[in-house]
Amino acid sequence: MSKSINRRNFLKHAGAATAVSTVFGVPSLLRGKNLNSKLQFAGIGANGKGWSDIKEMATHSAIVPVAFTDIDLTRMGNVKRLAPDARLYQDYRKMLDDMGDKIEAVTVSTPDHMHAYISLDVMRHGKHVYCQKPLTRTVWEARQVRKQAAKSKVITRMGNQIHSHTAYRTGVKLVQEGVIGKIKEVHSWVATTGHGRSGVVDRPENPPQIPTSINWDLWIGVAPMRPYGGERIYHPFAWRDWQDFGSGAIGDFGCHLLDPVFTALKINGGPNTIKAEHSGMNGEVWPAQETLFYSFPGTEYTADKTINITWYDGGRKPNAKLAHLPKDKGLPSSGSIFVGEKGSMVLPHVGMPTLNFIDSKAEYKIEPVEGLNHYHGWVDGCLSGKQPSDGFEYGGNLTEAVQLGNVAVFFPGEELKWDAENLKITNKAEANPYLTRKYRKGWEIKEVT
Ligand SMILES: NC(=O)c1ccc[n+]([C@@H]2O[C@H](COP(=O)([O-])OP(=O)(O)OC[C@H]3O[C@@H](n4cnc5c(N)ncnc54)[C@H](O)[C@@H]3O)[C@@H](O)[C@H]2O)c1
């Protein structure tokens, strides 16, 4: 378990800085909080990862849980035990209406297709947001969420707790210190496949009745209506497989594995090009196996003017030779290889990095970087007004790249040219509609201006 920023230490260190700390140019003290304040907290999505988010936030001494929302009443047991006095809702919109200023900070841990709709709404209400990865289901939504976070001036963080883990922080430091030289290419892979969790690849023909505990209309939200599929066809968990709701293996794990890549190389824009190869797909679920070829503009940490980053999932892996591994070692089941001018770094998901140099006599003693408590980092940010490094600007940019993969899979083998500034694929007009989605009536998302 990573060491948390102990609250007392945090206050000691932050105390002197309070008066000058700013968020987007707004002095934190003008935000009406002081560092001894409590933070009135609500969780949207009360089970699965939602429970883990709520439970971890609640270990911070400033957190006062005041309300929780889950569309499934059978999934409220944990939060009821945690905070018997907190108000419970099935519809987060009612929670926001009823509770008003009594809520200051919110976790959003629903399935991917509702992240943008809910996070945007919560930010428009002026509340701080911690939203699970991937930040949104589409590229266009990620851009809207970035813009709204800047506009609302709230404290945001993407739910990618391993951003703060000692292993990933150590990997980032090694790359940035140039231990393996400038980076020539990166390969990231995850063993997970894009479908298979529900056991089906088409909609069930005779779906059962919706259990009375579930508000199916609220679960569907922005997506086109379809019948409830039965336990674990869509809800809970198996929604990941389905194009209408989830984001496949790249969506599930891209924001995890590519996070140290983006952070280490300081990638703060989109790729120039992307190309997908995969094992085939229908119109319902994501491919079982994918390879995505990204080419990004180079940065101060790359050897060349561009850097190729290749993503593999569903059992596909890069050539192990790239890692210069000793004969008795193989690649981990999921991880990244950073190929540098002097050697390679293998960063397992989630494990300490190892270094393998081209010069077999070269050695380097790795000094681990201390881990931080990701959850407490956001709470401390909400109290101090200091935005963590991986807010919605960073998380939105990473999510745009990840979800661009879920556009490229519709055009396998074709290199798509990406104009990140104008949010446009410039050489394939038919690909542009896949950057966004058709919203169900009553659940439209307006462009943030
Ligand atoms: N950071 C991580 O390590 C990590 C791990 C697992 C999942 N996740 C992310 O967490 C999110 C949830 O994943 P999960 O596996 O817990 O899914 P899940 O389906 O198991 O749980 C989602 C919960 O949200 C509830 N819910 C669904 N729609 C809702 C809505 N509109 N309003 C309120 N509650 C709603 C469900 O009833 C359920 O309790 C996803 O975005 C996923 O990518 C992150």
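The values are calculated or read from the model by the stated rules, or taken from the named source; none is laboratory data. The shown structure was predicted, so the numbers you read here are calculated from the model rather than taken from an experiment. Cβ atoms come from the backbone with ideal geometry, glycine included; neighbour counts cover every protein chain shown. Accessible surface is based on the protein model in full, side chains and every heavy atom, while ligands, DNA and RNA are left aside. Shrake-Rupley method; radii C 1.70, N 1.55, O 1.52, S 1.80 Å.
Before moving on, here are some points about what is shown:
- Calculated P(r) tail over 26 Å for the chain, as whole % of Cα pairs: 57
- Computed over segment 313-388, relative contact order equals 18 percent, with contacts defined as Cα pairs under 8 Å that lie 6+ residues apart.
- Spread of Cα-to-Cα distances over 10 Å intervals beginning at zero, given as percent, for segment 143-280: 9, 28, 30, 23, 9, 2
- Amide H contacts of residue 39 (H built 1.01 Å from N, under 5 Å, at least 5 apart or other chain): 63, 64
- Each stretch of four or more DSSP H residues adds -39500 (n - 2.57); spread over every residue of the chain, this sum gives -8000 deg cm²/dmol at 222 nm.
- Whole-percent pair-distance distribution, where bins are 10 Å wide, for the alpha carbons of segment 62-182: 12, 36, 31, 15, 6, 1
- Across segment 78-86, coupling constants 3J(HN,Hα) worked out from phi with the 6.51/-1.76/1.60 Karplus curve, θ = phi - 60°, read 4, 6, 5, 5, 5, 9, x, 8, 5 Hz, and Gly and Pro carry x.
- For segment 373-445, a Kirkwood hydrodynamic radius built from all Cα pairs, placed in the Stokes-Einstein relation at 37 °C and 0.692 mPa s, yields a translational diffusion coefficient of 220 µm²/s.
- Derived scalar couplings ³J(HN,Hα) [segment 241-246; Karplus, 6.51 cos²θ - 1.76 cosθ + 1.60; whole Hz; x for Gly, Pro]: 5, 9, 4, 5, 10, x
- Karplus-derived HN-Hα couplings along segment 197-209 (A = 6.51, B = -1.76, C = 1.60, θ = phi - 60°), whole Hz, x at Gly and Pro: 5, 8, x, 9, 10, 10, 5, x, 6, 10, x, x, 4
- In this simple spin-label approximation, residue 266 and residue 304 carry label points 7 Å from Cα along the Cα→Cβ vector, and these lie 2.2 nm apart.
- Taking the DSSP bridge list for the chain and keeping only pairs wholly inside it, about 55 percent are antiparallel.
- Relative contact order of segment 342-424: 12 percent, from C-alpha pairs under 8 Å at least 6 residues apart in sequence.
- Cα-based reach from residue 80 at 19 Å (exclusive), listing aspartates and glutamates while leaving out same-chain residues under 8 positions away: 53, 56, 70, 72, 91, 98
- Surface exposure of the chain, expressed per residue as accessible area with a 1.4 Å probe, stands at 42 Å².
- Of 214, 54, 162, the one that fluctuates the most in a GNM where the chain has Cα springs shorter than 10 Å: 214
- Taking 7 Å steps out from each Cα toward its Cβ at residue 432 and residue 98 produces label points 4.4 nm apart.
- Surface share of carbon and sulfur [accessible, 1.4 angstrom probe, percent] for the chain: 51
- The chain: most fluctuating residue of 426, 156, 436 per GNM, C-alpha cutoff 10 Å: 426
- Most mobile of 313, 97, 380 in a GNM of the chain (Cα contacts under 10 Å): 97
- Most to least packed among 314-321, 441-448, 372-379 [average Cβ atoms within 10 Å]: 372-379, 314-321, 441-448
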